[in-house]
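Note sheet for the following structure.
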Amino acid sequence: MEIKLSIAIPTYNGVQAIRETLDSIVSQLEEGVEIVVSDNASTDGTAEIIREYQAMYPLIRYFCNDENVGADRNFDLAVRRAKGEYVWLFSDDDKIAAGGIRKVMSVLQAHSDLAVVFINYAVYSSDLRKCLKERVLEKKNDLYCENADRFLAVVKIAPVFVSSNVIRRALWEQTNSEFYIGTNWIHYGTMLSLLPGHPSYYVSFPYVLLRSGGLRWKRDGIQLIYGCELIKIIRECPKLGYSTHSTREALNVMLHSLPMTIIGCKLEGLSVTRLLLGKIVKHYAHYPSFWIRDLALLLLPSIFYKLVWELYKIPLLRNFYKRSKFLIQHKWIRKQL
């Protein structure tokens, strides 16, 4: 049987959620679709779970690395181990909503020339019981993007979420994905590299459910370091043929998210070292907002953020803050009108 779509799941110690992920996929399997699991040398019961599902669903193929090769390289291996014409990279703790696979297959069958399909996604709590954001991108109509620049203008940095991307495997294999090993963004960097000269597609309905709550990401400021790597990748876009306008729009999303990233890291107890500060300054120094706002947030001690957080949890103060925020925003909107 010819495989049109491989759903490739890179995993590491995914025992807590991978059953839910697999259940959301196997319930929608159809002809021409396979599941590939690339296990990065898990030390929990992930392998046993996958073998249990293999016994029921022969179209699941399982590979286990001899050692942990890092997230980026395991993502790359997941793509290369796939047999499908297209590969849907998918996290081991997210879910595909009902109808998601059929939608992607119908898009691929209707447009044989696509390099990438981006699927919009919803953000949920860590237990997937509460929807925190119904759709990450608000554009509610599907869109065929005739060129890479149009695609970047629409999605900006949304494809950094790995489970939202379906990529033509042959193009991935022809691209120097090795260049992005160690950045934490091999899927996004490789996608940006292979897109020029090819059309792509935006699926507006949020068929992917993102499970949020990864506080481990904020320890030791690693999220800030990954942010620097992402800035570096986006800045290279004009060299790949993207316009300065779409590049700048993608960078602006990063700049607007930096304050909350800093606050999240600080609440986790981040202590800013000279090395970390130097790396951040190197990548953000070009932007006035960094000097005006973000540097101060970085240098404030963590105890300040923890104190503010404790105060925020007091209902009276929290309600006052929300009311004040609304009034300020309302006044600003009226001023713009």
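Here ILE222 passes the criteria (1) within 22 Å of ASN74 (Cα to Cα); (2) over 13 Å from the mean Cα position of the chain (by Cα); (3) surrounded by 21 or more Cβ atoms within 10 Å (Cβ to Cβ); (4) of a type in the set (A, V, I, L, M) except the one numbered (3). Evaluate the following for ILE280: is it in the same structural domain as ARG235 (by TED's automatic domain parsing), assigned to a helix (DSSP H, G or I) and surrounded by fewer than 11 Cβ atoms within 10 Å (Cβ to Cβ)? Spelling it out, it is not the case that ILE280 is in the same structural domain as ARG235 (by TED's automatic domain parsing), assigned to a helix (DSSP H, G or I) and surrounded by fewer than 11 Cβ atoms within 10 Å (Cβ to Cβ). For region 63-81, filtered to residues that are of a type outside the set (S, T, N, Q) and in contact with a Phe, Trp or Tyr (Cβ under 9 Å, 6 or more places away or on another chain), the residue that is farthest from ILE186 (Cα to Cα) is ARG81. Is it the case, given these coordinates, that ILE231 is modelled with pLDDT under 95 and in a helix (DSSP H, G or I)? For ILE231, the condition - modelled with pLDDT under 95 and in a helix (DSSP H, G or I) - is not met. Can you find a residue in region 125-145 that is in the same structural domain as GLN109 (by TED's automatic domain parsing) and assigned to a helix (DSSP H, G or I)? Within region 125-145 (the criterion being in the same structural domain as GLN109 (by TED's automatic domain parsing) and assigned to a helix (DSSP H, G or I)), the answer is no, since none of the residues qualifies.
The values are calculated or read from the model by the stated rules, or taken from the named source; none is laboratory data. Please read these numbers as outputs of a predicted model, since none were measured by experiment. Please note: Cβ atoms are built from the backbone with ideal geometry, for glycine as well, and neighbour counts cover all protein chains shown.
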